[in-house]
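This is the structure I want to talk about, given as structure tokens.
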Amino acid sequence: MLSGSPHHSKRQVLQLLRQVSTDGSASKTRVALWPKRLLAGPIGVCLFVLIIVVSLLFTFQFDSSQTQFVSGRDVMNSTLLIPQASGPLTVHPENSRYFGDTSGRVVYLTGSHHWDSLQDSAQIGAPLDIFDYSGYLEYLASQKHNFMRMWVYEGGGNLKYAEPLPYVRTGPGTGSDGKLRFDLRQLNQGYFDRLRARVMAAQDKGIYVSVMLFNGWGLYDNGHGNPWPLHPFNEANNINGINGDASGDAQKVVHTLRVPSITRLQEAYVEKVIDTLNDLDNVLYEIVNEDKATAENAAWQYHFIEYIHQSEREKAKQHPVGMTVQWPNGNNQVLYDSPADWISPNPDGGYAVNPPTAHHGKVVVTDTDHLFGTGGDFSWVWKSFLRGLNPIYMDPLHFLVHTQEDPAGAEAARTAMSYTRYFARRINLAAMVPHNELCSTTFCLADPQREYLVYLPFGSHWLGPWIEFLPYGIESWINSYLCCSVAVDLSVVSRELSVEWFSVSSGVTVSGGTISGGAKKRFVAPFSGDAVLHLSAR
């Protein structure tokens with residue numbers, strides 16, 4: 001990140017910008033030396049003269065008179081990014097694309113989440129890997145993220161077992177894993193104590209927690225090993241005569257309403273979770289992660305959404321309840337039609353590449369887990385944000401769990417979530433909605449007449465190394481023809497707007513003076529790489 005004195009010159013800030021590569025790290029080799037060596041010869045002289053002549057012929061197309069470079073600002077340290085968690089959250093009355101807290105402030109949710117945030121797990125037969133939850137929270141706080149999914153394993157998943165579990169192992173007899181069988185009528189207080197402690201620890205860091213109640217990957221073999229032998233509702237593992245696979249065809253009935261005795265046990269567990277967490281402000285609920293795409297399962301999820309709503313209706317606090325997409329072959333329409341307050345869709349409709357603006361009256365939390373598995377990059381984060389969505393990142397946290405290296409783009413995606421949260425706090429988000437039609441890139445949040453936030457997802461151009469040493473005006477003119485510009489329709493604006501540019505890769509902010517409205521205006525980014533343009537009424 002870059003920070004600096006308010007006395008940086010225009011040239012100094014340009015140099016700072018050029019020291020940063022497109023992935024946000026210091027670039028010593030990214031800018032190749034061969035263009036500069038070639039330009040140092042006769043070819044370079046001829047090319048330079050040609051650029052000067054052409055630029056003089058077309059200087060009327062670019063006006064840099066109002067552009068003023070200001071200090072590089074490390075937005076990660078901005079006071080606007082101090083995390084706060086005040087709730088419980090409700091769908092914001094003025095802009096239902098987002099939640100609002102008890103003060104009426106819009107809350108944009110974004111952050112990394114990890115599989116072992118609640119329970120520890122390990123490959124079957126190995127000792128538990130103890131997840132560094134405190135380190136995880138410290139990392140989220142350092143990134144100024146404000147949201148996480150708190151995952152749950154019902155027994156295990158992907159050939160892993162997990163502890164603690166919600167039910168007490170009393171016996172008599174042992175289950176498939178060689179441990180005492182579960183008594184499904186005795187809830188494990190230690191499990192709920194850990195749940196409460198971890199949610200409270202997140203609240204102390206200003207982080208909202210989506211508490212996952214069930215997990216479809218605890219029932220079925222999705223190509224990574226069969227978890228069913230570990231499930232408490234497997235008849236071999238409990239003393240209550242509960243058989244979650246009564247049909248014997250691997251079409252589990254656990255996550256359906258087919259067996260009332262199973263549903264009653266699940267309701268008792270959900271009620272215990274609610275009682276454990278009801279007084280906390282930073283809680284959201286998620287029914288199940290990626291369950292089978294069947295009508296029976298959808299009805300079961302709808303039942304538990306309504307069950308939580310009904311249960312909390314007479315309690316001190318009411319919390320949002322979410323539904324995430326079924327898998328595989330889930331249909332997002334099932335989410336849109338649900339009684340959920342928030343949803344997480346699959347890629348259908350463009351959520352992974354060109355996110356849609358429709359939100360169907362629900363807060364949309366776009367999750368890389370349901371779009372890529374493990375994937376997504378900084379551009380996806382910005383595109384989601386500019387389309388009125390709340391992006392979150394399924395994060396292996398390799399640097400924290402000491403396994404492999406980070407996936408490509410992971411660090412840039414984490415930083416992008418921090419930057420988007422900075423802008424969400426800075427702009428009047430309650431009044432901002434997507435207006436694809438108002439800018440040529442189509443990524444625009446706007447409160448027409450007052451404020452516009454525009455994303456230019458163009459990245460660096462191969463000509464960058466050839467022109468970066470040219471005078472600013474000439475470089476900007478060339479950039480304007482390399483797609484480093486955007487047209488914004490300001491026809492309805494009758495006042496002056498202040499202009500500010502933000503470099504996505506470096507975090508540097510550049511002031512562009514002011515501009516009057518009344519027509520379509522073309523803006524040229526003062527640097528290469530992805531950029532954000534902020535226009536606001538004076």
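In whole percent, how big is the carbon plus sulfur part of the accessible area of the range 254-348, probe 1.4 Å, protein atoms only?
51
Cut-off 20 Å, label point 7 angstrom out along Cα-to-Cβ of LYS179: give me the residues of the range 141-164 whose amide nitrogen falls inside.
151-164
Give me the percent relative contact order of the range 206-262, please, defined on Cα pairs under 8 angstrom at least 6 residues apart.
Here the relative contact order equals 17 percent.
Scan the range 106-166 for trypsin sites (Lys or Arg not before Pro) in coil per DSSP, keeping those whose Cβ has at most 14 other Cβ atoms within 10 Å, and list them by number.
none
State, as an integer percentage, the relative contact order of the range 236-335 based on alpha-carbon contacts under 8 Å between residues 6 or more apart.
Computed over the range 236-335, the figure is 28 percent.
Put a dot 7 Å past each Cα toward the Cβ at ARG495 and VAL91; how far apart are the dots in nm?
3.1
Label points 7 Å out from Cα along the Cβ direction at SER261 and ALA246: separation in nm?
0.8
Still on this structure: If each residue of separation counts as 0.36 nm, what is the full-extension length gain between ALA295 and ASP281 once their alpha-carbon separation is subtracted?
Stretched out fully, the ALA295 to ASP281 stretch lengthens by 1.7 nm.
Related question: Leaving out ligands, DNA and RNA, what percent of the accessible area of the range 72-213 is carbon and sulfur, probe 1.4 Å?
That share works out to 52 percent.
Once both labels are modelled 7 Å past Cα along the beta-carbon direction, what's the ALA197-THR403 spacing in nm?
2.4
Whole number in Å², please: accessible area per residue of the range 192-240, 1.4 Å probe, ligands, DNA and RNA not counted.
32
Further, regarding this structure: Once the range 233-319 is represented by equal point scatterers at the alpha-carbon sites, with solvent omitted, what log10 I(q)/I(0) does the Debye formula produce at q = 0.11, 0.22 Å⁻¹?
-0.35, -1.11
Which value, in Å² rounded to 10, gives the accessible area of ASP279 with a 1.4 Å probe and all protein chains present?
80
Right, next: In the range 146-229, which chymotrypsin sites (Phe, Trp or Tyr not before Pro) are in a loop and have at most 13 other Cβ atoms within 10 Å, using DSSP for the loop call?
Nothing satisfies the criteria.
Same structure again: Taking Cα pairs under 8 Å and at least six residues apart, what relative contact order does the range 80-146 come out at, in percent?
Computed over the range 80-146, the figure is 29 percent.
Moving to a separate point now. Between the range 280-311 and the range 206-264, how many Å separate their Cα centres?
Cα centroid to Cα centroid, the span is 14 Å.
If you don't mind, another one. Find, to one decimal place in angstroms, the Kirkwood hydrodynamic radius of the range 108-222, where the mean of 1/r is taken over every pair of different Cα atoms and then inverted.
So the Kirkwood estimate lands at 15.2 Å.
The values are calculated or read from the model by the stated rules, or taken from the named source; none is laboratory data. Source: prediction; values computed, not measured. Counting neighbours? That spans all protein chains shown, and the Cβs are built from the backbone with ideal geometry, glycine included. The accessibility values were calculated without ligands, DNA or RNA, using every heavy atom of the protein model including side chains. Shrake-Rupley method; radii C 1.70, N 1.55, O 1.52, S 1.80 Å.
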